[in-house]
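Below is one structure, written out as structure tokens; comments come after it.
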Amino acid sequence: MATVKMTFSLDEETAVCLRATAERLARPKSHVVREAIRDFARRADRLSDAEKRKMLGLFDELVPRIPSRPEEEVEAELAAIRSARHGGGRLSGP
């Protein structure tokens with residue numbers, strides 16, 4: 001894999017953490033940074049806890065609005081719609 005040299009500025013606390021982690025793992029600092037960025041990118045694609053709560057709240061709000069009808073009734077309505085579409089639509093009276 002080709003590498004690209006980049007320059008970053010880190011606060012002292014982050015720099016100390018990076019040095020300590022690299023020493024503990026016996027890996028170069030650049031390796032630790034690459035792994036940290038990959039891990040962060042994987043987590044960044046996930047929904048945050050706030051986003052999850054919002055979506056679950058919407059789900060809880062919408063599910064009770066789904067009408068419960070017998071399957072036979074739904075199938076009959078769908079058959080009538082299909083028949084109307086195949087038959088040229090609704091016919092209006094004279």
**Asked** Any residue at all in the range 69-90 that is out of contact with any Lys or Arg (no Cβ under 8 Å at 6 or more places or on another chain), free of Cβ contacts under 8 Å to residues at least 24 places away in the same chain, of a type in the set (A, V, I, L, M) and open to solvent by 70 Å² or more (accessible area, probe 1.4 Å)?
**Response** no
**Asked** So which residues in the range 40-53 are more than 18 Å from Met6 (Cβ to Cβ) and either touching a Gly at 6+ places or on another chain (Cβ under 6 Å) or not in a loop (DSSP other than H, G, I, E, B) (or both), if there are any at all?
**Response** Arg42, Arg43, Ala44, Asp49, Ala50, Glu51, Lys52, Arg53
**Message:** Return the pair list, or none, for Cβ contacts closer than 6 Å from residues in the range 24-40 that are surrounded by 10 or more Cβ atoms within 10 Å (Cβ to Cβ) to residues that are part of a loop (DSSP other than H, G, I, E, B), at least 6 apart or on different chains.
**Reply:** none
**Request:** Could you tell me which of the residues Glu23, Glu75, Glu51 is among the acidic types (Asp, Glu) and under 31 Å from the mean Cα position of the chain (by Cα)?
**Result:** Glu51
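The values are calculated or read from the model by the stated rules, or taken from the named source; none is laboratory data. Quick caveat: nothing in here was measured; it's all calculated off a predicted structure. For neighbour counting, all protein chains shown are included, and Cβ atoms are generated from backbone atoms with ideal geometry for every residue, glycine included. These area figures cover heavy atoms from the full protein model, side chains too; ligands, DNA and RNA do not enter into them. Shrake-Rupley method; radii C 1.70, N 1.55, O 1.52, S 1.80 Å.
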